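Right, one structure below, let's go through it.
The values are calculated or read from the model by the stated rules, or taken from the named source; none is laboratory data. In this text, all values refer to a predicted model and were calculated from it rather than measured experimentally. With ideal geometry, Cβ positions are generated from the backbone for all residues, glycine too; neighbour counts draw on all protein chains shown. With ligands, DNA and RNA removed, areas are computed over all heavy atoms of the protein, side chains included. Shrake-Rupley method; radii C 1.70, N 1.55, O 1.52, S 1.80 Å.
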Amino acid sequence: MRSYITEFIGTFFLVLTVGATALTKTPLAPVAIGAILMVMVYAGGHVSGAHYNPAVTLAVLLRGRISLSDAVPYWIAQLAGGVVAALTASYLVDPGSVPALSPSGRGLGVALLAEALFTFALAYVVLNSATSRDHPGNSFYGLAIGFTVAAGAFAVGGVSGGAFNPAVAVGAASIGLFDWGKIWIWLLAELVGGALAGVAFLALNPKERAPLELSHT
């Protein structure tokens, strides 16, 4: 239960920061988002692995570091944390009506590709920096994970929303930032990206196939 609560708390503060900076149109939002993810990863990594992202949990599941019986409540905690955080951000900022991102035409394909690529990058970095036997007890994993999200948000946030996380996407849709009718774009792209990261990690690190105990994820 402490792992599930940790996942809720970490996802809450991640999505709260995403929602508040998006609604206030903060120019350096990616920096704030990467920073909050970094500190929450350091805060909760020793408890739950600090996934805070259903796509990352999927990657870790495929990598063999979490069981399905734990992954499901992780997903529930993350999605709940995302929705509660988004509603909290909307209450704090009170932006009134906001235009929902609703990709179509070429933009739909661009959003799918952008979200899949940077979700892959995020999950791939998590697996390599926080679960690899080559980096036991390292101190850089939080920085690596946070900066991956910041880089992705700067690079493609303007074309896809820069969610890279189904909990962020659902939270954004809950307060009108993403079109509910197009939510499948983010969910599909991010879950595919996370799954591919898990497969790629095992293909490139065959010695990691056997589960092992580490201090992080």
Legend entry - Förster-model FRET efficiency, 35 Å R0, ALA200 and LEU92, C-beta, rounded to 0.05: 0.35
Inset, instruction - Return the FRET efficiency for the residue pair HIS135, LEU113: r is the Cβ-Cβ distance, R0 is 41 Å, and the value is rounded to the nearest 0.05. - result: 0.90
Inset, instruction - Using 0.36 nm per residue of separation minus the Cα-Cα distance, give me the extension gain between PHE154 and ALA43 in nm, one decimal. - result: 37.5 nm
Legend entry - Label-point separation, ARG209 to ALA35 (7 Å along Cα→Cβ), nm: 4.4 nm
Legend entry - Extension gain, THR26 back to SER67 (0.36 nm per residue minus Cα-Cα distance, nm): 10.9 nm
Inset, instruction - Work out how much length ILE5 to ALA100 would gain on full extension: take 0.36 nm times their residue separation and subtract the Cα-Cα distance, in nm to one decimal. - result: 31.2 nm
Legend entry - the chain - accessible surface per residue (Å², probe 1.4 Å): 43 Å²
Inset, instruction - Over the Cα atoms of the chain, compute the convex hull volume and normalise it per residue, giving Å³. - result: 101 Å³
Inset, instruction - Measure of size requested: the Rg and Dmax of segment 91-139, with Cα atoms as the atom set and Å as the unit; please supply both. - result: 17.9, 49
Legend entry - Tail fraction, Cα-Cα pairs, segment 24-123, threshold 17 Å, whole percent: 67 percent
Legend entry - With DNA, RNA and ligands ignored, accessible area of PHE118 (1.4 Å probe; Å², nearest 10): 60 Å²
